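Everything below concerns the one structure shown next.
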Amino acid sequence: MKILYSQIKELVPGLKKDPKKVSEILTLIGFMRDGFDKVRYQNRNDYLLSFEIRQNRPDCLSVIGLAKEVAAYYGLKVKMPRIFPAPSYGTKKLDIKVNAKNCVKRILAVEIKNLTNKESPKWLKEFLSLYEINSINLLVDLSNYVMILTGYPSHLLDLDKINGTLCWSLNNDFKEITTLDGSKVKLKKGELIIKDNKNILALAGIVGGKIAAIDFNSKSIIAEMAVYDSFVVRKNSRDLKITTEASNRLGKDLDPRGSEFAFKLLISLIIKNCKGKIESELFDFYLDKNIIKPIKFDPRLSGLYAGVDILKSKSLKILKNLGFEVKPLKDIFFVKPPVGRTDISLTEDLIEEILRMYGYDKIPKDKIPKLEIVKNITPKNIYLAEKIRDILSYSGFDEILSCPLTKKGDNLKFNYLNWEIISTQNSVNEEYPDLRQSMAVGLVNQLNEYLKKGVRYVRIFEIGKIFGKKGNNYKEEEMLGVLMHIFSDDKSLPLFKEVIERLLRTIGFNEIYYLDSEIKPEIANPYSCWDIKIKEETVGIIYKLKPLYLKQNTYFSEINLGKIVKLLEKTYYNPAVELSSKLVVLDANVEIKNDKSIDDYLKKIRKKIKEKNIWTIEVVDRFLLKEKIRYTIRVSYKNLSDKEAKKIHLEAFGLSQRSSEAEQGFRKAQVVGSNPTAGLSK
Amino acid sequence: MLKFNYFMIYNNGKITSINKEDLVYNLKENISRVESFEQLKKLYREYFEKEGLIRKLFNEIKDLSKEEKRKIAPIVQEFQKIAIKLFEEKEIELKNTQFRKELTKGAENLGYNISKVGHLHPITQTIRALNKIFIEMGYSILDGPEIETDEYCFRRLNVPKNHPAMDMQDTIYINEPNILLRTQTSSIEARLLEKYSPPLKVVCPGRVYRNEKPNKSNHFIFHHYQGVVVAREISLKDLFGTITYLFKNIYGSNVKIRFRNKYYPEVEPGIGPDMECFNCKGRGCPICKGVGWIEMGGAGIIHPNILKMAGIDNKKWRGFAFGLGLDRWVMAKYNITDIRTLLGGNLGYKYYENENII
């Protein structure tokens, strides 16, 4: 909202502060300055100040509203514009119907005849141009002038172009309206309109129609000023994609009580400048005359909310300066808000009024508060995510963030979970309507971008949410996605798996297994795709992607952090061990059928050997037979003698003491290396 | 076989004198030419073994008279002593040389490879920096669902149906009007107040969504940092002090901050914290759009309706809340000119550099 400094001075004659100070004060009390221009108005230097007006202060979308704020701050009086000549109403009853009663708060209307419409005087044209409003003709310009001055839009209709009854109703018949500027607007149904017996005359609260537009020949008019249910105006304005000065005001909670002064001012200006006579009585449709109940207010609360002492007398003065009606009774005030203040209904609203006028700058800002100690309610997944970020970044991986909305079709390539796609109804980009079902979408997109930019090292991760629907339940899961891209066709899946597994082991898991995935994403190489399992729970997936680039390999893994947290709550390993004797390392060869899992076998072995005896169990070699695979399993026993270890080893693997070493494949390891993959056959 | 005859004098086949100095000198010469243990062993044999010089001399002394023995024997013994010492010293020297050779052979270069380091996203780094400050003040960290309901995103935050404030945040809907992508992290506040009893001190960093066409300075996905405190006697002084403390930690103790009245349906009174423009120091410039101050977010005393809806007695408890937009902080700190960079594509990391971790 713009306001001339000269106008503020005209309305607040006692004001001595310069425009910069005034704009600073308005900013501090709730209206952020967003413009400060030196202008010429009526051949004098002036300043055009511009402010952001709060959503709940439509009264300040007006010159008078802002001037009142300035006056209140400085404790000055406001000199309201004079209504002269005072309107003298006729006796004719206006033919107006209000069908959409629920949408209309108040309508004031009169019929004026014998007008002389003409070009506006220079001062008026100049004034309107400051608000970027084109001068049309004197009648229309006066209507806009009053709107800017008071905040109440009005609408003038050429009476000679109206057929029959003027009616406010919800649109049921009209498919289109041609607005004042000649634009054709398609209508649906249900918009709040003004019509007569034949035509649609206006979109109520938004814009008038061309049919009954005022022109230089207009001699008789209906002047109306209405206040509507702001939601209806806002909705219509948004749905039809039309925003006007009128809809901007009427789309907020304007006080119907204030329209009376504004309407009288408008009428008096029309009569004064265009002559004419008011033929009709004042039409006043005003159903719900809300009787404003006074608010019971303890002035001590201002000080408590501020954190500083504020005298009761100071609070009283501020409220009165703002136009509130205050009746002190002992220690309590009974406060009624003034006309225009539809935002005031609670004690806290009054506290804000007092404090913003008292000045936030008077409240100390450097005292670090001494707040009580409270329970830590940070959930474990927050800590887990932070640890994972550190582990991966220390491993040389870079964190990225990607957009969770994906192109149509992407989810079909990347999804591997049993759920449906969630689509947005009004995505900003229609080509990206769906919420991602895997972190792989964003990571692969990032890979492509990096390759375009010539980045030669792509090891990236992201922690974020994936989304899916099951029936009517919308689900979101917090996931870790990791992608490694190799710029050669070297088979690097074991290397990638090491990274993922090292991560899982570092955060506290031991029993990590891999099973051929139940559902494989389309983008995965189906022969290199595994579910990651911890104990019996599937926590993620790891796969090699189908080739994206020639002679380059891409690997991806995704882990459900929510599941990880739940499992961690039931998991505790103590890796620190007091070694009382040398580790005993023994091997065993086992043959497992091709379709069986070595992990399952190892699980059984672990159970047989018992955790307390195990230092490590490793697969150190693998040899393909016809229908079986021979694995060499190396077990390191802790805190056991050779004899004890041997006994357990034989029992666990079902090996006979009497069989020869060559037959049973039973041999002692010669050297315990630190490389757990030593001897692993390719 | 070495010849030592030059160093002894014989008379009738009996040794009569020994030139010890020359013998020693000769031995030293011989030892100096030794370059290996094998050579040293060989030389040692020539002096100490059966056919060696010193053994031979001792044998020759046997046949001398007492008087002659008294003259010659000490010389031989002395020479033996010196010889042993010289051989021992040579052995040590050879061992050292061999050890040095082995070390040289086994020595490695550092090579020219530089370790690629991993990096955390600037948003993560910024959130961590803020979290650290608040954790030190005893705050917990919370997040919440990104798919939210109208109930927690608006109603419980004092934004009833049809409220003009809904226009302040254009919403991306999954299923209008009830299921949407959260437009603010205040939805976490609504859930927090419902689930936990006061006193509470929580910060909630999170991703939010608004229906806005992205450009260089605005995106439909961005990041908020929300804070909520509910306690017995909370005032604006506490809120101002908290925000000032935060800004000073991030921007230094000389940062200038002001608090102005600002409207949000979730708070009453409402606050707009501004920071003096770092570029023009309050004089006005394009970065601050001529205002001299940069808007940092919103804050205020939690609206009593919100506490009421959460079942919290607002006569006993009061709270403050603040919400800061993170992305612009991040852009300013990392010299990122386009907000879209933060969400993939153009954000790259130098392979070998990282931020200071302390």
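Nothing in this text is a laboratory measurement; each read-out follows from the coordinates by a stated rule. Owing to the predicted nature of the structure, the values given are computational and were not obtained by experimental measurement. A quick note on method: Cβ atoms are made from the backbone with ideal geometry, for glycine too, and the neighbour counts reach across all protein chains shown.
In Å, what Rg and Dmax follow from the Cα atoms of the range A:96-285?
15.2, 43
Equivalent-ellipsoid semi-axes (√(5λ), Cα gyration tensor) for chain B, whole Å, largest first?
Semi-axes (√(5λ), whole Å): 96, 22, 19.
Please compute the volume of the convex hull spanned by the alpha-carbon atoms of the range B:179-295 and report it per residue in Å³.
Convex hull volume per residue, Cα atoms: 136 Å³.
In nm, give the distance between the simple-model label positions of residue B:256 and residue B:216, each being 7 Å from the Cα along the Cα-to-Cβ direction.
Distance between label points: 2.7 nm.
Which is farthest toward the positive dipole end of the range A:281-439 among A:344, A:423, A:326, measuring Cα position about the Cα centre, with Cβ charges +1 (Lys, Arg) and -1 (Asp, Glu)?
A:326
Apply the Karplus curve 6.51 cos²θ - 1.76 cosθ + 1.60, θ = phi - 60°, to the phi angles in the range B:304-319 and return the couplings in whole Hz, x for Gly and Pro.
x, 4, 5, 5, 4, 5, 8, x, 9, 6, 7, 7, 8, 10, 9, x
Suppose we keep just the alpha-carbon trace of the range A:484-611; what are its Rg and Dmax in angstrom?
17.1, 54
Provide the net charge surrounding residue A:524, with neighbours chosen by a C-beta distance below 10 Å and charges set as Lys +1, Arg +1, Asp -1, Glu -1.
+3
Can you give me the pair-distance distribution of the range A:295-362, C-alpha pairs, 10 Å bins, whole percents?
Result returned by the calculation: 22, 62, 16, 0.
Please name whichever of A:624, A:72, A:506 sits farthest to the positive end of the charge dipole of chain A, dipole taken about the Cα centre and charges placed at Cβ: Lys and Arg +1, Asp and Glu -1.
With unit charges placed on the Cβ atoms, the residue in question is A:72.
Sorted from fewest to most neighbouring beta carbons within 10 Å, what does the list A:219, A:275, A:195 look like?
Details: A:219 15, A:275 12, A:195 27.
Lowest count first: A:275, A:219, A:195.
Show me the GluC sites (Glu not before Pro) within the range B:1-44 that DSSP assigns to loop and that have at most 12 other Cβ atoms within 10 Å of their Cβ.
Of the GluC sites (Glu not before Pro), the ones in loops of the range B:1-44 whose Cβ has at most 12 other Cβ atoms within 10 Å are B:35.
If the reach is capped at under 22 angstrom between alpha carbons, list the lysines near residue A:277, excluding any in the same chain fewer than eight residues apart.
Output for residue A:277: A:92, A:93, A:113, A:118, A:161, A:219, A:264.
How much length is gained if the chain between residue A:92 and residue A:625 is pulled fully straight, taking 0.36 nm per residue apart and subtracting their Cα-Cα distance, in nm to one decimal? If you can, show how the numbers build up before the last one.
Values: separation 533, 0.36 × 533 = 191.88 nm, distance 10.83 nm.
Between residue A:92 and residue A:625, full extension yields 181.1 nm more.
Considering the options B:234, B:288, B:144, tell which one lies farthest towards the positive end of the dipole of the protein assembly as shown, charges being +1 on Lys and Arg and -1 on Asp and Glu at the Cβ, about the Cα centre.
Result: B:234.
Go through the protein assembly as shown and flag any cysteine with no other cysteine's C-beta closer than 4.7 Å, please.
Flagged as lacking a Cys partner: A:60, A:103, A:167, A:274, A:403, A:529, B:153, B:204.
Enumerate the residues in the range A:425-443 having an amide nitrogen under 19 Å from the point lying 7 Å beyond the Cα of residue A:408 toward its Cβ.
A:425-437, by backbone N distance to the label point.
Report, in whole Å, the centroid distance computed from the Cα atoms of the range B:263-283 and the range A:93-165.
Going from one Cα centre to the other spans 38 Å.
Given Cα pairs under 8 Å that are at least 6 residues apart, what percent is the relative contact order of the range B:287-358?
Dividing the mean separation by the residue count of the range B:287-358 yields 24 percent.
Using Cβ counts within 10 Å as a stand-in for footprinting exposure, how do A:345, B:140 rank, fewest first?
Ranking A:345, B:140 by Cβ neighbours within 10 Å, fewest first, gives A:345, B:140.
Points 7 angstrom from Cα along the Cβ direction at residue A:549 and residue B:278: gap in nanometres?
3.5 nm
Using only the Cα atoms of the range A:169-214, construct the convex hull and provide its projected area averaged over every direction, in square nanometres to one decimal.
Result: 2.9 nm².
Scale the Cα Rg of the range A:584-664 by the rule-of-thumb value 2.2 N^0.38 Å and send over the ratio, two decimals.
Rg over 2.2 N^0.38 Å, computed on Cα atoms: 1.08.
With a 10 Å Cβ neighbour count serving as the proxy for reagent exposure, in which order, fewest first, do A:348, A:618 appear? Mind showing how you got there, number by number?
Numbers: A:348 22, A:618 18.
Result, fewest neighbours first: A:618, A:348.
How much of the DSSP beta bridge set in chain B is antiparallel, as a percent to the nearest 5?
The antiparallel proportion sits near 95 percent.
If you split all Cα-Cα distances of the protein assembly as shown into 10 Å bins from zero, what percentages do you get per bin, shortest first?
2, 8, 14, 15, 14, 12, 9, 7, 5, 4, 3, 2, 2, 1, 1, 0, 0, 0
For each pair in A:79/A:293; A:413/A:546; A:125/A:184, compute the distance between the two Cα atoms and list the pairs where it is over 21 Å.
A:79/A:293; A:125/A:184
Using a Förster radius of 45 Å, what is the FRET efficiency between residue A:383 and residue A:175 based on their Cβ-Cβ separation? Nearest 0.05, please. Could the numbers behind the result be given before it?
Values: r = 60 Å, r/R0 = 1.34.
Here the calculated transfer efficiency is 0.15.
For the range B:99-239, what is the relative contact order in percent, using Cα pairs closer than 8 Å and at least 6 residues apart in sequence?
22 percent
Taking only Cα atoms of the range A:2-74, what ratio of Rg to Rh do you get with Rh as the Kirkwood inverse-distance radius?
0.93
If you take every DSSP beta bridge fully contained in the range A:96-285, what fraction is antiparallel? Give it as a percent rounded to 5.
Around 90 percent antiparallel, to the nearest 5.
Between residue A:101 and residue A:118, what is 0.36 nm times their sequence separation minus the Cα-Cα distance? Round to one decimal in nm. Display every interim value, and only then the final one.
Working: separation 17, 0.36 × 17 = 6.12 nm, distance 3.57 nm.
Full extension of this stretch gives 2.5 nm more.
Okay, which of the range A:476-490 sit inside 19 Å, backbone N to the point 7 Å along the Cα-Cβ direction of residue A:456?
Under cut-off, by backbone N: A:484-490.
Return the percentage of antiparallel bridges among DSSP beta bridges fully within the range A:380-570, rounded to the nearest 5 %.
95 percent
Using Cα pairs closer than 8 Å and at least 6 residues apart in sequence, work out the relative contact order for the range B:25-172, in percent.
About 15 percent, as a whole number.
Just to be sure I understand the model, the point goes 7 Å from the Cα along the line to the Cβ. What's the resulting residue A:580 to residue A:287 distance in nm?
Taking the simple label geometry, residue A:580 and residue A:287 are separated by 9.0 nm.
Expressed as a fraction of 2.2 N^0.38 Å, the rule-of-thumb size for a compact globular protein of N residues, what is the C-alpha radius of gyration of the range A:135-195?
Computed over Cα atoms of the range A:135-195, the ratio equals 1.31.
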